[in-house]
1. Name every residue in the stretch 32-88 that is in contact with a helix residue (DSSP H, G or I) (Cβ under 9 Å, 6 or more places away or on another chain), part of a loop (DSSP other than H, G, I, E, B) and within 23 Å of residue 158 (Cβ to Cβ), in order of residue number.
2. Considering the stretch 149-167 alone, what residues qualify as being farther than 14 Å from residue 73 by Cα, touching a residue at least 40 places away in the same chain (Cβ under 8 Å) and more than 16 Å from the chain's Cα centre (by Cα)?
3. Spot the failing condition for residue 92; the list is (1) touching a residue at least 24 places away in the same chain (Cβ under 8 Å); (2) touching a helix residue (DSSP H, G or I) at 6+ places or on another chain (Cβ under 6 Å); (3) under 19 Å from residue 46 (Cβ atoms), and only one is missed.
4. Give 168, 131 a once-over and let me know the one that is within 20 Å of residue 53 (Cα to Cα) and surrounded by fewer than 19 Cβ atoms within 10 Å (Cβ to Cβ).
5. Give the residue, chosen from 116, 127, that is touching a strand residue (DSSP E or B) at 6+ places or on another chain (Cβ under 7 Å) and either more than 26 Å from residue 165 (Cα to Cα) or without any contact (Cβ under 8 Å) to a residue 40 or more places away in the chain (or both).
6. Just for strands (runs of 3 or more DSSP E) wholly inside the stretch 96-169: which have at least 1 residues that are touching a helix residue (DSSP H, G or I) at 6+ places or on another chain (Cβ under 6 Å) and either within 20 Å of residue 180 (Cα to Cα) or at pLDDT 95 or above (or both)?
7. Any idea which of 139, 185, 105 is touching a residue at least 60 places away in the same chain (Cβ under 8 Å) and surrounded by fewer than 15 Cβ atoms within 10 Å (Cβ to Cβ)?
(Lines give C-alpha, C1' and ligand atoms only; values in the text may rest on other atoms or scores of the structure.)
Protein backbone atom coordinates (compact mmCIF):
# COMPACT_ATOMS: atom_id res chain seq x y z
CA UNK A 1 0.00 0.00 0.00
CA UNK A 2 1.37 3.42 -0.97
CA UNK A 3 0.52 6.30 1.40
CA UNK A 4 2.11 8.96 -0.82
CA UNK A 5 5.40 9.19 1.05
CA UNK A 6 8.46 7.10 0.27
CA UNK A 7 9.16 6.82 4.02
CA UNK A 8 5.75 5.26 4.75
CA UNK A 9 5.06 1.58 4.94
CA UNK A 10 1.92 -0.46 5.44
CA UNK A 11 1.60 -3.84 7.06
CA UNK A 12 -1.61 -5.84 6.76
CA UNK A 13 -1.79 -8.78 9.19
CA UNK A 14 -4.87 -11.00 9.37
CA UNK A 15 -6.89 -8.96 11.93
CA UNK A 16 -5.08 -5.66 12.15
CA UNK A 17 -4.10 -2.91 9.72
CA UNK A 18 -1.10 -0.82 10.62
CA UNK A 19 0.16 2.24 8.79
CA UNK A 20 3.34 3.90 9.88
CA UNK A 21 4.54 7.18 8.38
CA UNK A 22 7.75 8.90 9.34
CA UNK A 23 8.02 12.56 8.48
CA UNK A 24 10.78 15.04 9.30
CA UNK A 25 9.15 16.23 12.54
CA UNK A 26 6.39 13.75 13.25
CA UNK A 27 5.62 10.07 13.37
CA UNK A 28 2.16 8.61 13.21
CA UNK A 29 0.81 5.09 13.51
CA UNK A 30 -2.73 3.84 12.83
CA UNK A 31 -4.13 0.54 14.09
CA UNK A 32 -7.58 -0.77 13.31
CA UNK A 33 -8.93 -4.03 14.68
CA UNK A 34 -12.10 -5.82 13.65
CA UNK A 35 -13.86 -4.78 16.91
CA UNK A 36 -14.31 -1.06 16.07
CA UNK A 37 -11.40 0.04 18.22
CA UNK A 38 -9.30 2.50 16.28
CA UNK A 39 -6.11 4.07 17.60
CA UNK A 40 -3.78 6.61 16.08
CA UNK A 41 -0.45 7.76 17.49
CA UNK A 42 1.03 11.14 16.57
CA UNK A 43 4.38 12.42 17.77
CA UNK A 44 4.59 16.20 17.95
CA UNK A 45 8.08 17.65 17.98
CA UNK A 46 7.03 21.22 18.72
CA UNK A 47 4.17 23.50 19.69
CA UNK A 48 3.67 24.19 15.96
CA UNK A 49 3.13 20.46 15.37
CA UNK A 50 0.59 20.39 18.22
CA UNK A 51 -1.24 23.37 16.72
CA UNK A 52 -1.32 21.55 13.37
CA UNK A 53 -2.72 18.39 15.02
CA UNK A 54 -5.37 20.51 16.75
CA UNK A 55 -6.33 22.16 13.45
CA UNK A 56 -6.63 18.77 11.76
CA UNK A 57 -8.83 17.47 14.58
CA UNK A 58 -10.97 20.62 14.34
CA UNK A 59 -11.53 19.90 10.64
CA UNK A 60 -12.63 16.36 11.51
CA UNK A 61 -14.90 17.14 14.47
CA UNK A 62 -18.65 16.66 14.16
CA UNK A 63 -21.45 17.95 16.41
CA UNK A 64 -22.08 15.76 19.46
CA UNK A 65 -18.48 14.55 19.76
CA UNK A 66 -16.92 14.17 23.20
CA UNK A 67 -13.14 14.23 23.54
CA UNK A 68 -11.60 12.75 26.69
CA UNK A 69 -8.14 14.18 27.42
CA UNK A 70 -5.66 12.56 29.77
CA UNK A 71 -2.04 13.34 30.56
CA UNK A 72 0.18 14.55 33.37
CA UNK A 73 0.21 18.13 34.59
CA UNK A 74 1.88 20.24 31.93
CA UNK A 75 1.46 17.65 29.17
CA UNK A 76 -0.42 20.10 26.95
CA UNK A 77 -4.11 19.27 27.35
CA UNK A 78 -5.24 22.90 27.42
CA UNK A 79 -2.75 23.85 24.69
CA UNK A 80 -4.31 21.15 22.50
CA UNK A 81 -7.85 22.39 23.20
CA UNK A 82 -6.66 25.92 22.32
CA UNK A 83 -5.31 24.61 19.01
CA UNK A 84 -8.59 22.82 18.23
CA UNK A 85 -10.59 25.96 19.06
CA UNK A 86 -8.33 27.99 16.76
CA UNK A 87 -8.98 25.41 14.05
CA UNK A 88 -12.72 25.77 14.63
CA UNK A 89 -12.45 29.53 14.15
CA UNK A 90 -12.93 30.46 17.81
CA UNK A 91 -10.91 33.17 19.53
CA UNK A 92 -8.13 31.01 20.96
CA UNK A 93 -6.91 33.84 23.20
CA UNK A 94 -9.98 33.13 25.35
CA UNK A 95 -9.07 29.46 25.86
CA UNK A 96 -7.54 28.75 29.24
CA UNK A 97 -7.58 25.93 31.73
CA UNK A 98 -10.93 25.65 33.49
CA UNK A 99 -9.28 24.13 36.58
CA UNK A 100 -10.89 26.56 39.03
CA UNK A 101 -14.14 27.33 37.17
CA UNK A 102 -14.59 23.68 36.08
CA UNK A 103 -16.05 24.59 32.65
CA UNK A 104 -15.34 27.15 29.92
CA UNK A 105 -17.50 27.82 26.87
CA UNK A 106 -16.19 28.89 23.46
CA UNK A 107 -19.15 29.50 21.17
CA UNK A 108 -17.69 31.73 18.46
CA UNK A 109 -16.35 29.00 16.14
CA UNK A 110 -17.82 26.49 13.67
CA UNK A 111 -18.99 24.35 16.61
CA UNK A 112 -19.69 25.45 20.19
CA UNK A 113 -17.10 23.97 22.56
CA UNK A 114 -17.60 23.13 26.23
CA UNK A 115 -14.28 22.56 27.99
CA UNK A 116 -14.26 20.78 31.35
CA UNK A 117 -11.41 20.21 33.80
CA UNK A 118 -12.10 17.53 36.40
CA UNK A 119 -8.76 17.77 38.22
CA UNK A 120 -10.22 19.42 41.34
CA UNK A 121 -13.37 17.29 41.52
CA UNK A 122 -13.62 14.71 44.27
CA UNK A 123 -15.73 12.20 42.36
CA UNK A 124 -18.09 11.56 39.45
CA UNK A 125 -21.06 12.89 41.43
CA UNK A 126 -19.46 16.35 41.60
CA UNK A 127 -19.06 16.28 37.81
CA UNK A 128 -22.72 15.40 37.37
CA UNK A 129 -23.73 18.07 39.91
CA UNK A 130 -22.36 20.83 37.66
CA UNK A 131 -24.68 19.62 34.87
CA UNK A 132 -21.99 18.00 32.76
CA UNK A 133 -24.26 15.21 31.52
CA UNK A 134 -26.50 17.75 29.75
CA UNK A 135 -23.52 18.96 27.71
CA UNK A 136 -22.04 15.50 27.09
CA UNK A 137 -25.34 14.36 25.57
CA UNK A 138 -25.92 17.53 23.50
CA UNK A 139 -25.76 16.61 19.80
CA UNK A 140 -25.04 20.19 18.70
CA UNK A 141 -21.79 20.84 20.61
CA UNK A 142 -18.32 19.41 21.18
CA UNK A 143 -17.10 18.67 24.71
CA UNK A 144 -13.50 18.37 25.85
CA UNK A 145 -12.94 16.80 29.26
CA UNK A 146 -9.49 17.17 30.83
CA UNK A 147 -8.51 14.51 33.36
CA UNK A 148 -11.22 12.35 31.81
CA UNK A 149 -10.11 9.18 33.60
CA UNK A 150 -11.63 10.69 36.78
CA UNK A 151 -15.12 10.71 35.24
CA UNK A 152 -14.90 7.93 32.68
CA UNK A 153 -17.93 6.01 34.04
CA UNK A 154 -20.26 8.83 32.96
CA UNK A 155 -18.69 9.63 29.59
CA UNK A 156 -20.75 8.53 26.57
CA UNK A 157 -19.62 5.11 25.31
CA UNK A 158 -18.72 6.60 21.92
CA UNK A 159 -16.06 9.22 22.59
CA UNK A 160 -12.61 10.07 21.31
CA UNK A 161 -9.92 9.50 23.94
CA UNK A 162 -6.66 11.43 23.64
CA UNK A 163 -3.76 10.40 25.88
CA UNK A 164 -0.93 12.96 25.86
CA UNK A 165 2.53 11.93 26.98
CA UNK A 166 5.45 14.32 27.35
CA UNK A 167 8.37 12.64 25.57
CA UNK A 168 10.75 15.60 25.56
CA UNK A 169 10.94 19.25 26.60
CA UNK A 170 8.77 20.32 23.65
CA UNK A 171 7.79 16.89 22.30
CA UNK A 172 4.51 15.14 22.94
CA UNK A 173 2.97 11.81 21.93
CA UNK A 174 -0.75 11.95 21.26
CA UNK A 175 -2.56 8.62 21.24
CA UNK A 176 -6.09 8.96 19.89
CA UNK A 177 -8.55 6.10 20.53
CA UNK A 178 -12.04 5.81 19.08
CA UNK A 179 -14.61 3.75 20.95
CA UNK A 180 -17.55 3.78 18.57
CA UNK A 181 -18.86 4.65 15.14
CA UNK A 182 -18.88 8.46 15.44
CA UNK A 183 -15.47 8.72 17.06
CA UNK A 184 -14.06 6.25 14.51
CA UNK A 185 -15.36 8.46 11.69
CA UNK A 186 -13.69 11.50 13.25
CA UNK A 187 -10.45 9.62 13.80
CA UNK A 188 -10.38 8.23 10.27
CA UNK A 189 -10.79 11.78 8.94
CA UNK A 190 -7.96 12.95 11.19
CA UNK A 191 -5.70 10.14 9.99
CA UNK A 192 -6.48 10.77 6.32
CA UNK A 193 -5.41 14.41 6.76
CA UNK A 194 -1.91 13.39 7.96
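1. 36, 37, 61, 62, 64, 65
2. The answer is none; no residue qualifies.
3. Every listed condition holds for residue 92 apart from (1).
4. Only one candidate passes the filter, namely 168.
5. That would be 116, the only listed residue that is touching a strand residue (DSSP E or B) at 6+ places or on another chain (Cβ under 7 Å) and either more than 26 Å from residue 165 (Cα to Cα) or without any contact (Cβ under 8 Å) to a residue 40 or more places away in the chain (or both).
6. So the answer is 113-117, 142-146, 160-166.
7. 139
The values are calculated or read from the model by the stated rules, or taken from the named source; none is laboratory data. All of these numbers come straight from a predicted model, not from anything done at the bench. FYI the Cβ positions are ideal-geometry reconstructions off the backbone, even for glycines, and counts take in every protein chain you see.
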